[in-house]
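Enquirer: Here's a structure for you.
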Amino acid sequence: MPKAQKGHGKAPEKVVHPYSRKAAYLAREEIRLKKKERQKSDKATRLSSIGEKLLWFQEQLDPEKTTYTKKDACDLVERHLQRFDSELEQIELMNGIKGRQGRLHGAREAVIKQTVERERALYEGVGCEIPDIINTKNLKTFREWTGDLKKLPNLKLRKVSSKDLETKNEEEDKRDDAEDDNEDDDDDLDDEQLE
């Protein structure tokens, strides 16, 4: 009769005492792994939302246009803020039908309105992050982007605010006023030279 081999079989797993150091170590390790997984999924969702936003901007770019101004960038952001208007109109039409009880697509409508309000507050406040289309080099890089999220860090983003447009308009007004003043001065000089 052959002898049973010692040490080669799978040893039965020992039960860990709940208050032991090993149990605390295992609990810490499990918490760490869960936290790591949660951070990974949060980063993936954040990157995918940024990727969707950038793809929308890429679709809206004019292929013939090689340079964009701050005003053009602000116009793009305004169009981005209005991208849900048709969907909201559809929801309003469905809810406007007489005889309906309750609101259809109420949750979707609330999410859309909340998103638009948040983005508008960002745009009117510190600024909305969009791809840097004002710089021609960054615009070229952005046009060549294929939508790959791994290449997202290569794209430069710029914050555009409605205040940028207002300050630009004020600067243009000041410049126009200065040019008008210079023209008036030139007219005065011409009048003096004629006399």
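Enquirer: Calculate, in nm to one decimal, what L26 and W56 gain on full extension: separation in residues at 0.36 nm each, minus their alpha carbon distance.
Expert: 6.3 nm
Enquirer: Just to confirm a number: summing +1 for Lys and Arg and -1 for Asp and Glu over residues other than D72 whose beta-carbon lies under 10 angstrom from that of D72, what do you get?
Expert: Its environment carries a net charge of +1.
Enquirer: Along the Cα→Cβ direction, 7 angstrom out, place labels at R103 and K159. What is the inter-label distance in nm?
Expert: It works out to 3.2 nm between the two label points.
Enquirer: Which semi-axis lengths, in whole Å and largest first, follow from the square roots of five times the eigenvalues of the Cα gyration tensor of the range 8-55?
Expert: 40, 14, 5
Enquirer: Next up: Count neighbours as other Cβ atoms within 10 Å of each site's Cβ, and list the trypsin sites (Lys or Arg not before Pro) in the range 98-153 that are DSSP loop with at most 15 such neighbours.
Expert: Details: sites: K98, R100, R103, R108, K113, R118, R120, K137, K140, R143, K150, K151; in loops: K98, R100, R103.
Those that pass, being in a loop and sparsely packed, are K98, R100, R103.
Enquirer: What is the extension gain from S86 to S49, computed as 0.36 nm multiplied by their sequence separation minus the C-alpha to C-alpha distance, in nm to one decimal?
Expert: Result for the pair: 11.2 nm of gain on full extension.
Enquirer: Next up: Counting pairwise Cα distances across the range 66-132, what percent come out greater than 21 angstrom?
Expert: 40
Enquirer: Additional query: Using the Cα gyration tensor of the range 19-155, with a ≥ b ≥ c the square roots of its eigenvalues, what is the shape: rounded (a/c below 1.5), prolate (a/b larger than b/c) or oblate (neither)?
Expert: Oblate, since a/c reaches 1.5 and b/c is not below a/b.
Enquirer: Moving on. Here is the link list: K65/K151; K43/K113; K71/K163; K53/K159; K71/K150. Which ones come out longer than 20 Å on Cα distance? Write out the running numbers ahead of the final one.
Expert: Working: K65/K151 24 Å; K43/K113 24 Å; K71/K163 11 Å; K53/K159 14 Å; K71/K150 30 Å.
Correct reply: K65/K151; K43/K113; K71/K150.
Enquirer: May I ask you to compute the full-extension gain from S41 to A121, defined as 0.36 nm times their residue separation minus their alpha-carbon distance, rounded to one decimal in nm? Intermediate results must be reported in sequence, preceding the final value.
Expert: Working: separation 80, 0.36 × 80 = 28.80 nm, distance 2.67 nm.
Gain in length upon complete extension: 26.1 nm.
Enquirer: Going 7 Å from the Cα of V16 toward and past its Cβ, which residues in the range 33-47 have a backbone nitrogen under 19 Å from where you end up?
Expert: 33-37
No value in this document is a laboratory result; all are computed from the given coordinates. Keep in mind that what you see is a predicted model, and the values were worked out from it rather than measured. For neighbour counting, all protein chains shown are included, and Cβ atoms are generated from backbone atoms with ideal geometry for every residue, glycine included.
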